[in-house]
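Reviewing the structure listed below.
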Amino acid sequence: MKKLFYASLAIVMSLPAMAQETYENANIATQDLNGTARYVGMGGAMEALGADISTISTNPAGLGLFRRSVASVSAGFVSQQDAVKFYDGTTSHASFDQIGFVYSSPSGRSSFFNFGFNYHKSRDFNYILKAAGKLNGASQNKLSYLKQVEGVFYPKGSLDKGIHGYDKNGKSASTYSQIDYLYYNALLTREVKENGKTVLDFNPYDATSFAMNRANKGYIGEYDFNVSGNFNDRIFLGMSFGIYDIHYKNYSEYSETIGNGNVLIGDEREITGSGFDVKIGIIFRPIEFSPFRIGFFLATPTFYDLSTQNYTTITNNTKYGAYDNGRSNDKYDFKFNTPWRLGASVGHTVGNYLALGASYEYADYAKLDNRIIDGEGYDWWYDTYYETSSSDVYMNENTEYSLKGVSTLKLGAEFKPIPELALRMGYNYVSAMYNENGFKDGTIWSPGSYYASTTDYTNWKSANRITCGLGWQVGSMNIDLAYQYSVQEGEFHPFMSYSGSDKTFTNSVTGEIMQYNNVPDVKTVNNKRHKVLLTFGYRF
């Protein structure tokens, strides 16, 4: 009978450098379409039209079009279509989305100098993922085994002390993940007698199918501070300083069927921290007596300083392996920088009853910069400590291969059949961020691999958003309502593939002739979301 053993993973202190990996950072780097109901109802295509507080985070010059001070607050309700409740994840939830104000001050006969502040939820992480498929002999534990036999790391140690991964020089290998650790302690390892001595024997096991369930929760809150100006009602300039606050949690259960039993990996991870960026923009009317206007905007990378911690367990209900259970947990800090964002927009109004807008934005996510914290210092002048970091060269190579530039197209229109009532509609197209052949590479010599507690990844395709809304103006008060439907498909991979090898080996436990190839089934998943958003505004 197998012993009951809880393996406790202590990350070796010889690895002070800390970083994150491509797919986790890409998930954090993206933004949703969110803000006031007017902004969302017009598909966000207001970077040249301006006069909406939500443009503070896209084209800051949009606040320069305000001639009166305003304040607004927005809240909504989000629902994920076709989702099945898992763990503490929710298929629908209420959401506090925006609150802010603009103080407008005349600086001349036809010029204004404005100050603004706005909070909005730039990213809603709430999402339930469910995927299941065939493995046809591939398995997650086989991936850990192949990493060892291919020389990516070398397991050493006894079962009493736990098995750790080392490089050829006997130092800790940063390719040896928490998943590898759990498999080498619970499933892949057994003690055998050889020439009267007890030695360790390693064997992988084929799986027939897999199932993944994950519940994501949390958000990124963005706090923007803005100064903007209106010069002779022809040129509008603005700058925003943004602070980001991240709260992200997920819990996943990944299981594989092996023989008459199964192996279950339970993983709980939390990411918290902050970031900042700077955004600048301009809007101008090229023709003096025409309301047609053109806008340009630019955003620096968001510089993130984050912390993550995980608690991961393995439950082995098969007849194989040394132990029934094991666990690992760790906490570390990391940094990464998003790419630059730039865009252009046009807007036009007809009388006081029609507004049309179009915007284009581009960001090259292949340039997302995963960074290693490699030191710290002390500033005597300001009496503060600071950390130094450098680019994670090897992980960034994977990022450049797996991610690509993203184009976002926004179209929107507003029609007023009567002065008090506004009808709106909009459309967004967001091109795919992930390359079709991109993958989460667990063999990279990087802290991002070393601290990994999952192997799955999803290559999401392009996203489409359709919006509509209406608004009602009553004196200085306005009430706006918007609806947004977004849809996106992706290809889910339970772990990276290993193929192209004709080598075989004999499993000393089962006697099977096993191939080195390890190619899992790929399943299509989707994210279909409905959102209703309500805004109350007041002009003063």
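A 1.4 Å probe, protein heavy atoms only, puts the accessible area of residue 287 near 100 Å². Over all other residues within a Cβ to Cβ distance under 13 Å of residue 413, the charged ones net out to +3, with Lys and Arg as +1 and Asp and Glu as -1. Taking all protein chains together and rolling a 1.4 Å probe, residue 251 ends up with roughly 40 Å² accessible.
For the stretch 120-146 versus the stretch 39-108, the spacing of their alpha-carbon centroids is 32 Å. Cα-based values for the stretch 77-215, radius of gyration first and Dmax second, are 27.1, 98 Å. Its residues counted as N, the stretch 183-300 yields a C-alpha radius of gyration over 2.2 N^0.38 Å of 2.16. Residue-normalised convex hull volume from the C-alpha trace of the stretch 293-348: 164 Å³ per residue. Counted residue by residue at 0.36 nm each, then reduced by the alpha carbon distance between them, the extension gain from residue 99 to residue 272 reaches 60.1 nm.
Accessible surface for residue 197 stands near 140 Å², nearest 10, in the context of the full protein assembly shown (1.4 Å probe). Extension gain for residue 420-residue 235 works out to 63.8 nm (0.36 nm per residue, less the C-alpha to C-alpha distance). Measuring spread by the Cα atoms of the chain yields a radius of gyration and Dmax of 26.7, 98 Å. Computed over protein heavy atoms with a 1.4 angstrom probe, the accessible surface ordering of 293, 38, 190, largest first, is 190, 38, 293. Label sites at residue 300 and residue 348, each approximated as a point 7 angstrom past Cα along Cα to Cβ, lie 3.7 nm apart.
Quick one: with all protein chains in place, what share of the accessible area of the chain is carbon or sulfur, to the nearest percent (1.4 Å probe)? Percent of accessible area from carbon and sulfur atoms in the chain: 57. In the full protein context, the chain carries 43 Å² of accessible surface per residue, based on a 1.4 Å probe and ignoring ligands, DNA and RNA. Describe numerically, in nm with one decimal, the distance between label points set 7 Å from Cα along Cα→Cβ at residue 360 and at residue 437. Taking the simple label geometry, residue 360 and residue 437 are separated by 2.9 nm.
The values are calculated or read from the model by the stated rules, or taken from the named source; none is laboratory data. The shown structure was predicted, so the numbers you read here are calculated from the model rather than taken from an experiment. A quick note on method: Cβ atoms are made from the backbone with ideal geometry, for glycine too, and the neighbour counts reach across all protein chains shown. The area values use the complete protein model at the heavy-atom level, side chains included, leaving out ligands, DNA and RNA. Shrake-Rupley method; radii C 1.70, N 1.55, O 1.52, S 1.80 Å.
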